[in-house]
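Undergrad: Before I ask anything, let me first share the structure, which is written out below as structure tokens.
The values are calculated or read from the model by the stated rules, or taken from the named source; none is laboratory data. All figures in this text were calculated on a predicted structure; none of them were measured in a lab. Every residue, glycine as well, gets a Cβ built from its backbone with ideal geometry; the counts of neighbours run over all protein chains shown. When the accessible area is computed, the model is the full protein with side chains, heavy atoms only, and any ligands, DNA or RNA have been set aside. Shrake-Rupley method; radii C 1.70, N 1.55, O 1.52, S 1.80 Å.
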Amino acid sequence: MALSVRDCCFAYRRRPPLFSNLDVVFEAGRTVLLGPNGAGKSTLLALCGGVMKPGGGTIALNEESRTTSPKYRARVAWLPQTVSVFPGLTVREQVVYYGWLKGMPVAAAKIRADDALELVRLTSSSSKKARELSGGQLRRLGIAGALVQNADAILLDEPFAGLDPTQRDSLSNILLALPGETILVVSTHQIEDLSSLYTRTVVLDSGTVRFDGTTDKFLQSGHGAVDPARVAYASFVGAEE
């Protein structure tokens, strides 16, 4: 199982190209996507999630290469940085709706929604209106929406943003418990837990992959830093050079 980006080109209107012939392949396992603001992390995940179209090249999940096709979108889950609330829906209804949008039968989506809400510890809030949730709860609602479809590839854009330490711990455990054959790609600025959470690190800067390898190898380039967060930061700076 692999999510392949080949010769990808993309530009926002009236702006210089962000990606020119970008090549990167995300395989089964947990990959962290690092990079400064404006590097193209969110855009890359949105392209892989099928919510935007590349200007050139291909993005494929194994044999399914049309990111806009229902088959592709049913197999790929994407969580944006901003979680939108559907007016009038309860927390559970919104997660069921996420599943339905991805092509799941409503009955199956309801069962999976209950499981997903339990994973993110929102079961007690399932009957609340989604608009009543706090920022951290809304983030967890989005994560439940990404988990509901049991996708082959899960793309999470800054999923730890707005979570307190306990919630971050809980999310880390959820990610660690995902099946080994799942393709998980997480963009984040939280670099303290790289070695324990991710087996692979990809560094994106100015639309170009600066590093692509094991997380252990990435951290070995930390220039002698001792504190785990400083090791990751030093490695990131080294990857940019």
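Quick grid of which residues meet (1) open to solvent by 10 Å² or more (accessible area, probe 1.4 Å); (2) touching a residue at least 40 places away in the same chain (Cβ under 8 Å):
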site: SER42; (1), (2): yes, yes
site: GLU63; (1), (2): yes, no
site: LEU79; (1), (2): no, yes
site: SER84; (1), (2): yes, no
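Undergrad: Still on this structure, I have one more. Taking the range 113-164 as the search range and keeping residues that are of a type in the set (Asp, Glu) and not in a loop (DSSP other than H, G, I, E, B), which one is least open to solvent (accessible area, probe 1.4 Å)?
TA: Our first condition is that a residue be of a type in the set (Asp, Glu); within the range 113-164, this holds for 114-115, 118, 132, 152, 157-158, 164.
With the extra rule that they be not in a loop (DSSP other than H, G, I, E, B), the set shrinks to 114-115, 118, 132, 157.
On the way: ASP114: 68, ASP115: 71, GLU118: 128, GLU132: 101, ASP157: 6 Å².
Filtering the range 113-164 for residues that are of a type in the set (Asp, Glu) and not in a loop (DSSP other than H, G, I, E, B), the one least open to solvent (accessible area, probe 1.4 Å) comes out as ASP157.
Undergrad: Report, by residue number, each residue of the range 21-34 that is hydrophobic (A, V, I, L, M, F, W, C) and not in a loop (DSSP other than H, G, I, E, B).
TA: Of the range 21-34, the ones hydrophobic (A, V, I, L, M, F, W, C) are 22, 24-26, 28, 32-34.
Answer for the range 21-34, where residues must be hydrophobic (A, V, I, L, M, F, W, C) and not in a loop (DSSP other than H, G, I, E, B): LEU22, VAL24, VAL25, PHE26, VAL32, LEU33, LEU34.
Undergrad: Cβ-Cβ distance below 7 Å, separation of 6 or more or different chains: which pairs start in the range 202-227 with a residue that is over 12 Å from GLY40 (Cα atoms) and outside any strand (DSSP E or B) and end on one that is modelled with pLDDT of 90 or more and open to solvent by 20 Å² or more (accessible area, probe 1.4 Å)?
TA: Correct list of pairs: THR215/THR199; THR215/ARG200; PHE218/PHE211.
Undergrad: Now, a different point. (1) touching a helix residue (DSSP H, G or I) at 6+ places or on another chain (Cβ under 8 Å); (2) basic (Lys, Arg); (3) surrounded by 14 or more Cβ atoms within 10 Å (Cβ to Cβ): which one isn't true of ARG73, the others all being true?
TA: If we test ARG73 against (1) touching a helix residue (DSSP H, G or I) at 6+ places or on another chain (Cβ under 8 Å); (2) basic (Lys, Arg); (3) surrounded by 14 or more Cβ atoms within 10 Å (Cβ to Cβ), just (1) comes out false.
Undergrad: How many of the residues making up the range 168-205 are in contact with a Lys or Arg (Cβ under 9 Å, 6 or more places away or on another chain), open to solvent by 40 Å² or more (accessible area, probe 1.4 Å) and of a type in the set (S, T, N, Q)?
TA: Summing the residues that are in contact with a Lys or Arg (Cβ under 9 Å, 6 or more places away or on another chain), open to solvent by 40 Å² or more (accessible area, probe 1.4 Å) and of a type in the set (S, T, N, Q) in the range 168-205 gives 2.
Undergrad: Considering only the range 165-184, state which residues are within 18 Å of VAL202 (Cβ to Cβ) and in a helix (DSSP H, G or I).
TA: LEU175
Undergrad: For residues that are over 19 Å from the mean Cα position of the chain (by Cα) and touching a residue at least 60 places away in the same chain (Cβ under 8 Å), tally how many sit in the range 1-18.
TA: Number of matching residues: 2.
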